[in-house]
Structure formats: C-alpha cells, structure tokens
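A short write-up of the structure that comes next.
The values are calculated or read from the model by the stated rules, or taken from the named source; none is laboratory data. What you see is a predicted model; the values in this text were computed from it and never measured. Methodologically, a virtual Cβ is constructed for each residue, glycine included, from the backbone with ideal geometry; neighbour enumeration extends over all protein chains shown. For accessibility, only protein heavy atoms count, side chains too; no ligands or nucleic acids. Shrake-Rupley method; radii C 1.70, N 1.55, O 1.52, S 1.80 Å.
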Amino acid sequence: MVTELQDLTVNDALRRVLDTVEPLTGERVPLLEALGRVLAENVVARDNMPPFANSSMDGYAVRSADVDAASRSQPITLRVMADIAAGVVSTIEVTAGGAARIMTGAPMPSGADAVVPVEDTSEPWRDPERKLPKQIAIYRSVKQGDYLRHPGEDIKAGTELLRVGHVLRPQEIGVLASLGHATVAVVRRPRVGVLATGDELVTVESALQPGKIRNSNGYAQRAQVAMLGAEAVDLGVARDTEESVRARLAAGLDAGVDLFISSAGVSVGAYDVVKAVLEQDGDVGFWRVRMRPGKPLAFGVYESVPYLGLPGNPVSAMVSFECFARPAILKMAGHKVWRRPQVTVRMNESIRSDGRESYIRAIVTREEDGGYSAITTGSQGSHIMTSLVLANALVIVPEGVRSVSPGERLSALMIDWPPAVF
Ligand code: AMP
Ligand code: MG
C-alpha cells in the first residue's frame, strides 16, 4: 500500500505533537533528585526565614542609644557581658553600658538592638581562641537594627513560596532545604524508549564489516534524552523485519516507557518496516515535514504510548529530535518553556536552500557591538555529523527563501548558550 504522506510545516507538526502529549504525574523524591525538575505541589513556607533575629556581622551587640556619640576620636567603652557563638542562644540581657561579643548568624541577646562590626571596635579580631575582653571601645555609632537580620525578612511563615510548575534550580533546592523539605513532589521523569532500526546497523563495540555501520543514532538520541533530564531506555536495534520491530516495541511497553523514539524506517523505501508495523498496529501518521534536514517523520500513538519516528540520517534524526522530541519531552516533564534561546544573527556567508525551512549548522559568535554573526560549519549533508559537532547553533532559513546573501539577518536557534567557543 502506498500512503500519501501529509505535508506539514514545522510549526504545524510541532503543534500536533504537543497536542498529543501531556505532563506526567508527580512523585515525591529526595530533595537533590528534584534538581532541574518541575514542582508538582505548591510549597507554603513552614517557618520564618531567618527563623530568629541574628547578627549579620562578627561584632558586638549593643544598645544603639549607648553608642550614639561614639567615634574613632571619642570612643565609648562598654562592658563585655557575654560571648555569643553561632548556634547558641544566650540568656543574658544586655543592659545599659553593656555589650556582647557576637558572631555572624548568632541570635541577638535581649536588650541589644544593633551590632557594631568588629572592625569598628578596639578588638578587631575574629580569632575564637582570643580571650574575651572585659571591655570594648566602640568607634562608631549605629542605628537601631543595624547589622541585624530580622525574622521572616526573607520568607514569612505561611506564605506560598513556590507554585506548581516552578523549575527547581540550585537556588530553589537551597530554599527548600532551609525550610526543612527533605523530599519534594515533582513531575515524573519521562521514560523514553530509544529504538534504532536497520539491517545495516552493528553495535558500537563491533568492528566494521562490509556494508555495515555502527548504530550511532541509538547513542545520540539517548544522549539527547539524557540532556533533558529524562530517562532513556535502550531498546537496541530492530532488524528490517516486522517481527523484530514488534519485539523491540514490546520490550519498550514492558519497560513502561512514556514515549517511543525510533530512527529510520519511516520513509518510503522498500524496507521501511517501522512504517508497516505502525500502520498496522498503531495510530500513527506519516508526515512529510517541510524542513531540511528532516522531512520524513512519523508521529502518533502505539499501544497508548506516544510514538515519534525520526528519520534515519544522523543529522536529520538529531535535528528532528531538537524540533519535535525535545519540546514533547519537556512538556511531559512539566516544563512550560521548550524553546531554545533564539538570537538574530548577521550571516557572514551566503546560503542556498531548496525553499524548505532549513536548519543550517552554524557557529554563532558575539560581535564587539553586542550583536551576533554566524558562519556555517561546512557541508550540510544530512549524514555529515562533523558539521553538527562544530556547530553551536542552527540558523533557520525560513520557508520559501532560496538564497541568503552575506549581511542578511536570520534567526538562530542556540543549541549551546552562551555561544560556545571552539
Ligand atoms: P532509512 O531511513 O532507513 O532510509 O535510513 C536513512 C539513512 O540513515 C541510511 O543511510 C541509514 O544507514 C542511516 N541510519 C539509519 N539508522 C541509523 C543509525 N541508528 N545510526 C546511524 N545511521 C543510521
Ligand atoms: Mg533503513
């Protein structure tokens, strides 16, 4: 049977992919495992942060009224009543004419309302071995509240601190730790089954044999999945037979994958058996996406699992992953933003295109004027992986444009940010 392939723009194809996949459910994980993932619960602050009034400096806790007139030329001498280290609550009360040596982060003693930094006293030593002086000369005045950190100044107990959908970066992990969250509910990591297909493929460990190539897509796509913080499940290589493809997909279903990604076998070649299997068993459509590299793409559902069939050529597979699989996986992982940073670049080279939306492997450089310029990384053949190795961006030549002259401006999808230097 010859299927008429649907002809779609990149945008239309992406919209259909995104319409089919949904964010996964949440799970509770140890705090550090939540890094880079998306919050699946609102977090209300349990405590004030800081939890108690404390000193922001190593110095002397004083009553500000006592040192109002203090200066370097006319210091005011106070009696040292206590030594307060971080982690210790002092029970003393600083009375008129008194002071307490205090360390950064130590709780303020009652009676005192400000801290004089140690540098502005007659004992500018931070050495804990050093004996506590009986008296201290204060060389400056301070106002009430100076060098104090107030309870709740950062976070007030009871406030909604983080909402569902927030991406957890190191700073959120730190804040959650400060509030005592040893675990946190985040969206599950998508499990992505990665399948390579083709009779020509041998494993990476194999010596090359006549007519064979190593399965590079299986690695490149699993690496792409890993870069998104998702979990790649290796479904190995299917031979160009329907039974072999079915067996590998069954293994994926057993492994509970949330998404299938395969490469090759979705075109119109005589051995494109992935297409045959999906047409029989799945609800998968075959598209001719008006893009370069790329073009053949399969997308739909196989046994209730979303299925994305990428082209076989290594660059086409990676660029199609970038355009379709990456947004789908990020959406499944709960992210709201799936676009790479995009910048306008001045092309320093002419480009020819066949009128399809083209993703040109390029090096984007920041210019002295703050703008960006781009040159291609050489041959744009869909089997030339080295031009992807050299690239830090994909410059997009819009549909309908057949030639670009030096100096023209285009949009570049940054696959590395900031622009890497090679
Ligand atoms: P196909 O879509 O099966 O016609 O494959 C297109 C091209 O991609 C052919 O040159 C294949 O040898 C190549 N190819 C397919 N799968 C892989 C793979 N897993 N690794 C490297 N190259 C591949
Ligand atoms: Mg093939």
_Those residues of region 272-286 which are open to solvent by 40 Å² or more (accessible area, probe 1.4 Å) and touching a residue at least 40 places away in the same chain (Cβ under 8 Å), in sequence order_ = GLU279
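Do we have any residue at all in region 277-286 that's within 15 Å of ligand 1 (Cβ to nearest atom), assigned to a helix (DSSP H, G or I) and closer than 23 Å to PRO327 by Cα?
The first filter runs over region 277-286 and keeps only residues within 15 Å of ligand 1 (Cβ to nearest atom), leaving 277-278, 286.
Pick out the ones that are also assigned to a helix (DSSP H, G or I) and you get 277-278.
Applying the additional criterion that residues be closer than 23 Å to PRO327 by Cα yields 278.
Yes, that holds for at least one residue.
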*asked:* So, in region 209-235, how many residues would count as being in contact with a strand residue (DSSP E or B) (Cβ under 7 Å, 6 or more places away or on another chain) and away from ligand 2 (no atom under 14 Å from the Cβ)?
replied: 12
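Conditions (1) over 15 Å from ARG222 (Cα atoms); (2) in contact (Cβ under 8 Å) with a residue 40 or more places away in the chain; (3) assigned to a helix (DSSP H, G or I), marked per residue:
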position: ALA250; (1), (2), (3): yes, no, yes
position: ALA270; (1), (2), (3): yes, no, no
position: ARG288; (1), (2), (3): yes, yes, no
position: VAL301; (1), (2), (3): yes, yes, no
position: LEU308; (1), (2), (3): no, yes, no
position: GLY312; (1), (2), (3): no, yes, no
position: SER320; (1), (2), (3): no, no, yes
position: ILE329; (1), (2), (3): no, yes, yes
position: VAL337; (1), (2), (3): yes, no, no
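Would you mind listing the strands (runs of 3 or more DSSP E) fully within region 1-68 where at least 1 residues are within 21 Å of ALA230 (Cβ to Cβ)? I'd like the intermediate steps shown before the answer.
Values: elements: 6-8, 26-30, 59-62.
Here the list reads 26-30.
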*In region 229-248, how many residues are within 12 Å of ligand 1 (Cβ to nearest atom), of a type in the set (Val, Ile, Thr) and in a loop (DSSP other than H, G, I, E, B)?*
0
*Taking region 295-304 as the search range and keeping residues that are open to solvent by 10 Å² or more (accessible area, probe 1.4 Å) and within 16 Å of ligand 2 (Cβ to nearest atom), which one is nearest to GLU399 (Cα to Cα)?*
LYS295
_region 363-408: number of residues that are open to solvent by 60 Å² or more (accessible area, probe 1.4 Å) and within 16 Å of ligand 2 (Cβ to nearest atom)_ = 1
*Among THR197, THR183, which is of a type in the set (Val, Ile, Thr), out of contact with any Asp or Glu (no Cβ under 6 Å at 6 or more places or on another chain) and within 16 Å of ligand 2 (Cβ to nearest atom)?*
THR197
*Pairs where the first residue, in region 193-206, is of a type in the set (S, T, N, Q) and the second is within 16 Å of ligand 2 (Cβ to nearest atom) and not in a strand (DSSP E or B), C-beta under 6 Å, 6+ apart*: THR197/ALA264; THR197/GLY265; THR197/VAL274
*Search region 175-228 for residues being of a type in the set (S, T, N, Q), away from ligand 1 (no atom under 12 Å from the Cβ) and in a helix (DSSP H, G or I), and hand back the single one that is most open to solvent (accessible area, probe 1.4 Å).*
SER178
*asked:* As an exercise: evaluate ASN313 against (1) away from ligand 1 (no atom under 15 Å from the Cβ); (2) closer than 30 Å to SER379 by Cα and give the number of the one condition it does not meet.
replied: (1)
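Residues checked against (1) within 16 Å of ligand 2 (Cβ to nearest atom); (2) under 27 Å from PRO419 (Cα atoms); (3) open to solvent by less than 10 Å² (accessible area, probe 1.4 Å):
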| site | (1), (2), (3) |
| --- | --- |
| MET291 | no, yes, yes |
| PRO306 | no, no, no |
| PRO311 | yes, no, yes |
| CYS323 | no, yes, no |
| ALA328 | no, yes, yes |
| ALA333 | no, yes, no |
| LYS336 | no, yes, no |
| THR344 | no, yes, no |
| ARG352 | no, yes, no |
*For SER262, which of the numbered conditions (1) small (Gly, Ala, Ser); (2) open to solvent by less than 10 Å² (accessible area, probe 1.4 Å); (3) away from ligand 2 (no atom under 12 Å from the Cβ) fails to hold?*
(3)
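Report, by residue number, each residue of region 6-60 that is basic (Lys, Arg) and without any contact (Cβ under 8 Å) to a residue 12 or more places away in the chain. Don't jump to the end; show me each part of the working.
Taking region 6-60 first, the residues basic (Lys, Arg) are 15-16, 28, 37, 46.
Scanning region 6-60 gives a single hit, ARG15.
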